[in-house]
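Contents: one structure, followed by commentary.
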Amino acid sequence: MNVFYEESGSFKVGAILADNNTSLQVEAPHGKRSKIKAAAVLIRFETPALSEFMDQAQQISDELDPDFLWECCTQDIEFDSTALATEYFGHAPNPVEAAATLMLLHSAPIYFHKKGKGHYKAAPPDALKAALAGQEKKRLQAELKSRYIEQLCNSILPEEFKPIVPNLLYRPEKNSIEWKALEEACAQMKLSVPALLDKCGAIPSSHDYHFNQFLWAYFPDGVDFDIADLQQPLDEQEDLPLAEVSAFSIDDATTTEIDDAFSITPLKLGSFRIGIHIAAPALGIEAGTSLDKTASSRLSTVYIPGKKITMLPEHAIRHYTLEEDRICPVISLYLDVADDYSVTHTESRIEKIKITENLRHETLEVYFNENTINSADASYPFIEELRLLWRFACKMEALRGKANDTNNNKVDYSFEVVHDHVTIKERRRGSPIDKVVSELMIFANAEWGKQLAQANIAAIYRSQGNGKVKMSTSPAPHQGLGVSQYAWTSSPLRRYVDMINQRQLIAMIRNDAPPYTRESDDLVIALRDFELAYGIYGDFQRAMEQYWCLRWLLQENVQTIQAQIIRENLVKFEHMPFFTRIPSLPNLEPDSYVRLEIEYIDLLDRTLRAKFVEKLES
């Protein structure tokens with residue numbers, strides 16, 4: 001005797017080896033023996049042979065029409081499968097026919113709802129209609145998905161994908177049919193999503209892919225300013241006194257947010273007065289206004305080669321930037337300097353100054369460098385003032401204990417991108433131009449930080465200890481700079497922290513109540529948010545600099561390049577800030593130089609593949 005039974009939701013057959021009333025020992029056609037419950041048995045049969053039963057039952061089940069069987073059923077009444085089989089076949093069903101009917105009922109749950117062993121109930125017409133519609137929808141979606149996959153694997157972008165490419169790249173709806181098809185196609189092609197979409201022509205610009213990815217993550221509403229920001233009036237500060245100085249700034253050619261300028265005024269007996277003048281947007285952009293809220297959400301200008309996303313709108317930048325031939329409101333720090341370049345007195349003022357000239361690195365470098373600093377013709381703009389500032393900067397650097405700092409020999413890089421053509425320029429960090437600007441900014445930020453601390457006025461400080469840099473509302477030493485405290489105050493057009501500190505500074509100079517206390521939520525939130533955003537913006541800038549290094553290699557058709565070993569297989573390419581690992585690099589000493597052959601560049605991944613060629617002599 002054989003049995004047709006149900007186990008774990010599927011039908012099986014077996015020959016009875018032992019019948020123990022409540023349980024049976026059976027042997028499957030392939031020889032496996034099992035113990036089953038007697039209640040699981042649906043049909044007992046002698047013929048056909050055990051090995052043929054399931055095939056014959058499945059063949060008959062495939063011929064049954066679930067629509068016709070459903071129509072044969074009495075609605076709202078449970079029925080026995082054997083009774084339905086009798087009605088359908090017109091006679092008492094044989095074991096194979098009875099099994100085929102059960103298999104059909106079991107495989108069509110949208111038509112027949114199971115109510116117990118061998119008992120079913122016809123689905124209500126409305127429920128069946130909805131279920132069939134859902135089934136048809138799934139079928140059409142499966143067909144659509146198959147079409148999508150086929151097109152993608154053939155490097156064809158489906159028409160339906162074109163309007164949603166940004167979503168697929170940056171913020172996919174992972175339950176959508178488009179994403180599932182894209183994911184499956186990527187698996188088949190062994191490509192990443194960006195690589196496959198690029199292969200299909202959906203990423204016309206690798207640069208825009210990276211830039212838009214950043215915008216989708218951190219500027220989801222776009223980079224344009226609200227109309228309220230553009231229409232906010234800015235205080236003209238007509239009542240400020242005009243300083244009797246001739247001020248100049250030092251910046252690169254692309255800088256429009258000119259935050260700082262300098263002046264020199266001769267005093268008695270060889271002494272002189274240095275003026276450090278900082279743009280003063282905090283005089284006109286009050287806390288809590290629309291423009292302030294926008295600045296507090298952006299927190300900093302974002303810089304990448306060839307582009308920037310400014311913290312403030314253009315009209316506000318134009319209003320406060322220290323542009324030449326303009327009279328601008330500033331916060332000034334005046335230093336009385338003796339003939340030995342020691343500072344004898346400092347004074348802070350809120351005033352207006354005339355900016356005589358914006359000196360640019362590109363032209364200034366010609367006559368203000370290590371070789372020409374003492375021999376440049378006196379007719380060059382502000383050369384005498386620059387010489388004084390250079391000597392003062394050297395004295396301040398020595399007082400900080402940084403005169404022999406190895407960081408002074410490091411190289412900074414600037415990127416110029418014009419019509420997708422990139423130029424990478426190097427500038428040594430300790431050059432006269434760099435030293436003058438950095439030393440005067442360090443002095444101002446340290447001095448104003450000290451004054452705010454002494455006045456017990458809250459500020460946001462940047463400190464460094466044991467190699468770790470952090471920000472807090474309490475002054476602490478900055479070991480890297482060699483100063484007792486350091487409060488960012490010198491870039492209020494570009495950093496929101498500086499604008500906050502400038503508001504506190506204005507209150508100190510005017511003897512007013514400061515707008516922020518040390519426990520102020522606005523101060524603590526700004527500190528936390530700024531530190532997070534500044535790190536993200538910096539990482540993005542470095543990533544895009546790496547991208548433009550790769551673009552330069554392609555642009556110049558570089559096949560081989562020299563590189564310096566940093567450690568193990570990590571190297572830095574010469575004349576650019578590009579770091580990468582070279583798996584084929586042999587075990588060589590750090591600081592050794594090698595030649596590499598570039599094999600492949602991937603602009604979407606911002607990576608390249610290169611192999612070791614030879615070690616170079618030092």
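Rule-based calculations on the coordinates, nothing more; no lab input. What you are looking at is a predicted structure, and each value in this text was computed from that prediction instead of being measured. Neighbour counts run over all protein chains shown; Cβ positions are idealised from the backbone, glycine included.
Taking the centroid of alpha carbons for each part, the range 537-598 and the range 315-331 are 41 Å apart.
Binning all Cα-Cα separations of the range 2-123 at 10 Å, short to long from zero, yields these whole-percent fractions: 13, 45, 32, 10, 0.
Think of the range 267-366 as having a plus end and a minus end, set by charges on the Cβ of Lys, Arg, Asp and Glu; of ALA316, PRO305, SER290, SER290 sits farthest toward the positive end of this dipole. Ordering ALA185, SER584, PRO266 by Cα displacement along the dipole of the chain toward the positive end leaves SER584 in first place; charges were set at the Cβ atoms of Lys, Arg (+1) and Asp, Glu (-1).
Roughly how big is the range 227-538's charge dipole about its Cα centre, with Cβ charges of +1 (Lys, Arg) and -1 (Asp, Glu), in debye to the nearest 20? Intermediate values should be presented prior to the final figure.
Numbers: 33 positive and 45 negative charges, 212 e Å.
So the magnitude is around 1020 debye.
Overall, the chain carries a charge dipole of about 1720 debye about its Cα centre when +1 sits on the Cβ of Lys and Arg and -1 on the Cβ of Asp and Glu, all other atoms neutral. Put a plus charge on the Cβ of each Lys and Arg, a minus charge on the Cβ of each Asp and Glu, and nothing anywhere else: the dipole of the range 127-204 about its Cα centre is then about 220 debye. Kirkwood-type hydrodynamic radius, the range 558-616: 11.3 Å, calculated from all non-identical alpha-carbon pairs. In units of the rule-of-thumb radius 2.2 N^0.38 Å, the range 135-197 shows an alpha carbon radius of gyration of 1.05. Remark: the range 248-264, residue by residue, has Karplus-estimated 3J(HN,Hα) of 9, 10, 10, 8, 7, 5, 8, 6, 10, 8, 7, 8, 9, 8, 9, 8, 10 Hz, where x stands for each Gly or Pro and the curve is 6.51 cos²θ - 1.76 cosθ + 1.60 at θ = phi - 60°.
Relative to the globular-protein estimate of 2.2 N^0.38 Å, the Cα radius of gyration of the range 102-154 stands at 1.61. Distant-in-sequence amide contacts of VAL422, defined by a placed amide H-H separation under 5 Å and a gap of 5 or more residues or a different chain, comprise nothing. For the range 1-65, GluC sites (Glu not before Pro) meeting the loop criterion (DSSP other than H, G, I, E, B) and having at most 11 other Cβ atoms within 10 Å: GLU46. Summarising the overall dimensions of the chain from its C-alpha atoms, the Rg and Dmax are 38.8, 128 angstrom.
In terms of its C-alpha gyration tensor, the range 227-538 comes out rounded, because the ratio a/c of the largest to the smallest axis stays below 1.5. Of LYS129, LYS180, the sequence from fewest to most neighbouring Cβ atoms within 10 angstrom is LYS129, LYS180.
Scalar couplings 3J(HN,Hα) for the range 467-474, obtained by applying the Karplus form with A = 6.51, B = -1.76, C = 1.60 to θ = phi - 60°, are x, 9, 9, 8, 10, 7, 9, 10 Hz; x denotes Gly and Pro.
The sum of -39500 (n - 2.57) across all DSSP H runs of n ≥ 4, divided by the residue count of the chain, sets its helix-only mean residue ellipticity at 222 nm to -12000 deg cm²/dmol.
For the chain, the antiparallel share of DSSP beta bridges with both residues in that region comes to about 90%. Taking amide hydrogens as placed 1.01 Å from N in the peptide plane, the amide H of ALA123 sits under 5 Å from those of PHE112, HIS113, each at least 5 positions away in sequence or on another chain. Over the range 2-123, what is the mean sequence separation of C-alpha contacts under 8 Å (at least six apart), divided by residue count, expressed as relative contact order in percent? Relative contact order here is 21 percent.
Regarding the range 270-397, what is the average projected area of its C-alpha convex hull, in nm²? Don't skip to the end; give the middle numbers.
Working: hull surface 41.4 nm².
That works out to 10.4 nm², a quarter of the Cα hull's surface.
Roughly what percent of Cα-Cα pairs across the range 436-530 reach past 15 Å?
Details: 2518 of 4465 pairs.
Considering the range 436-530, 56 percent of its Cα-Cα pairs are separated by more than 15 Å.
Return the subset of LYS410/LYS450; LYS117/LYS145; LYS268/LYS395; LYS162/LYS190; LYS308/LYS435 for which the Cα-Cα distance in this structure is over 27 Å, preserving the input order. Flagged as over cut-off: LYS410/LYS450; LYS117/LYS145. I'd like to know which of PRO158, PRO93, ILE16 lies farthest towards the positive end of the charge dipole of the chain, counting +1 on Cβ of Lys and Arg and -1 on Cβ of Asp and Glu. Going by the Cα projections, it comes out as ILE16.
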